[in-house]
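Undergrad: Dumping the structure here so I can ask a few things about it.
The values are calculated or read from the model by the stated rules, or taken from the named source; none is laboratory data. The structure displayed is predicted, hence computed values, not measured ones. For neighbour counting, all protein chains shown are included, and Cβ atoms are generated from backbone atoms with ideal geometry for every residue, glycine included. For the accessible areas, the whole protein counts, side chains as well, though only heavy atoms, and no ligand, DNA or RNA atoms are used. Shrake-Rupley method; radii C 1.70, N 1.55, O 1.52, S 1.80 Å.
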Amino acid sequence: MTAVVDSDLARFSKEIAALDMKPLWERVMRLAPGTAAQGAIWRWQDTRPLLMRACELITAKQAERRVLMLENPALPGTTFITPSLYAGLQAILPGETAPTHRHTPNALRFIMEGEGAYTAIDGERIPMRPGDFVVTPGWTWHDHGNLGTKPVVWLDGLDTAFANLFGAHFREDYPEDRQGAAQREGDSLLSFPYERTRASLERMSKSGDPHPSHGWKLRYSNPATGGDPFPTMAVFMQWLPRGFAGHEYRSTDGAVFCVAEGQGSIAVGETHFDFAPKDVFVVPSWERYRFAAKNDCAIFSYSDRAAQEALGFWREES
Ligand SMILES: [Fe+2]
């Protein structure tokens, strides 16, 4: 009897496949938290020499952006570090400019090395110093320049995958390399200088106990709205005191971390990474992780938590 039913079902599945339909009861795809992405680290001792070689091989103008993309080893061909996020290391040499363009994806910059560079966003020129976090809202004109004497390197974080998913990735070049002469300089709502962030972390660390998994962790907010700086990405800086041994934690937002200060380690699932300043690592969605700090650590991170919260998807477990 069962055999007859099974063969009837098999015949039925084949029949509807010809009409581009499939039976839901035969679906085998993953319907559980987590993604195909895996934990991975890009160490500054490896990435910096490669960035400097790229500087010899191509100009910022030729490249439009001289960026080494950090692609998750389990997501080959995507150019993404998680299924929803992009990360890249960008280098610009003294005297160079990266031409003006705009695109629908939102971008963040976390400055890793060098002084004297700026990013101009819709006519506002914002200085970039190590540890600063700069917001480039989607569809704003932006270019970068280096007026200093040394190379400047930063981490680019974008929500490109969202624009791609929705079929809404638009981009445009500005008619000239640089934006108009009306560039202003000053206290920008789009910049979070490191000295202010560090002072906030220090205040936090004096006013209460650290979180058992995150240490003291602040979430950057848009001063105009009080919400996240982006509709998709939430951005953080955390402080782990020397000797900190964090409890295991996981959440549904895959996150990209960049070490601003200090040395330590992170266990991600079955993998263990030692980290040092300017290393970048990724913790995929719903993967258990825990931090350990050898000395005082300041760690920057961004994730897709803003989008997940807006959609009601976000979960955590400690
Ligand atoms: Fe851009």
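Undergrad: Show the residue pairs that are 6+ apart or on different chains and have beta-carbon atoms under 6 Å apart, the first residue being within segment 124-148 and under 24 Å from Thr232 (Cα atoms) and of a type in the set (S, T, N, Q), the second being open to solvent by less than 40 Å² (accessible area, probe 1.4 Å) and part of a strand (DSSP E or B).
TA: Here the result reads Thr136/Ala107; Thr136/Ile121; Thr136/His142; Thr140/Ile121, each pair linking segment 124-148 to a residue that is open to solvent by less than 40 Å² (accessible area, probe 1.4 Å) and part of a strand (DSSP E or B).
Undergrad: Taking only segment 253-276 into account, find how many residues are crowded, with 20+ Cβ neighbours inside 10 Å and closer than 17 Å to Glu287 by Cα.
TA: Matching residues across segment 253-276 total 7.
Undergrad: Taking the condition of being open to solvent by less than 60 Å² (accessible area, probe 1.4 Å) and either at pLDDT below 95 or not aliphatic (A, V, I, L, M) (or both), how many residues in segment 129-176 meet it?
TA: The number of residues fulfilling the criteria is 22.
Undergrad: Is it fair to say Leu218 is surrounded by 13 or more Cβ atoms within 10 Å (Cβ to Cβ), assigned to a strand (DSSP E or B) and of a type outside the set (Asp, Glu)?
TA: Yes.
Undergrad: Quickly run through segment 129-138 and pick out the residues that are touching a Phe, Trp or Tyr at 6+ places or on another chain (Cβ under 8 Å), within 13 Å of the ligand (Cβ to nearest atom) and either part of a strand (DSSP E or B) or β-branched (Val, Ile, Thr) (or both).
TA: Answer for segment 129-138, where residues must be touching a Phe, Trp or Tyr at 6+ places or on another chain (Cβ under 8 Å), within 13 Å of the ligand (Cβ to nearest atom) and either part of a strand (DSSP E or B) or β-branched (Val, Ile, Thr) (or both): Val134, Val135.
Undergrad: In addition: Hand me the list of strands (runs of 3 or more DSSP E) wholly inside segment 41-128 holding 1 or more residues that are of a type in the set (A, V, I, L, M, F, W, C) and away from the ligand (no atom under 13 Å from the Cβ). It would help to see each step written out before you state the result.
TA: Numbers: elements: 67-69, 86-92, 97-103, 107-113, 117-121, 124-128.
Filter on segment 41-128 gives 67-69, 86-92, 107-113, 117-121, 124-128.
Undergrad: Sticking with this structure for a sec: Please go through (1) in contact (Cβ under 8 Å) with a residue 40 or more places away in the chain; (2) closer than 25 Å to Asp46 by Cα for Glu316 and return the number of the only condition it doesn't satisfy.
TA: Of everything listed in (1) in contact (Cβ under 8 Å) with a residue 40 or more places away in the chain; (2) closer than 25 Å to Asp46 by Cα, Glu316 misses just condition (2).
Undergrad: Right, something else. Answer with yes or no whether Thr104 is touching a Phe, Trp or Tyr at 6+ places or on another chain (Cβ under 7 Å) and at pLDDT below 95.
TA: So Thr104 fails the test.
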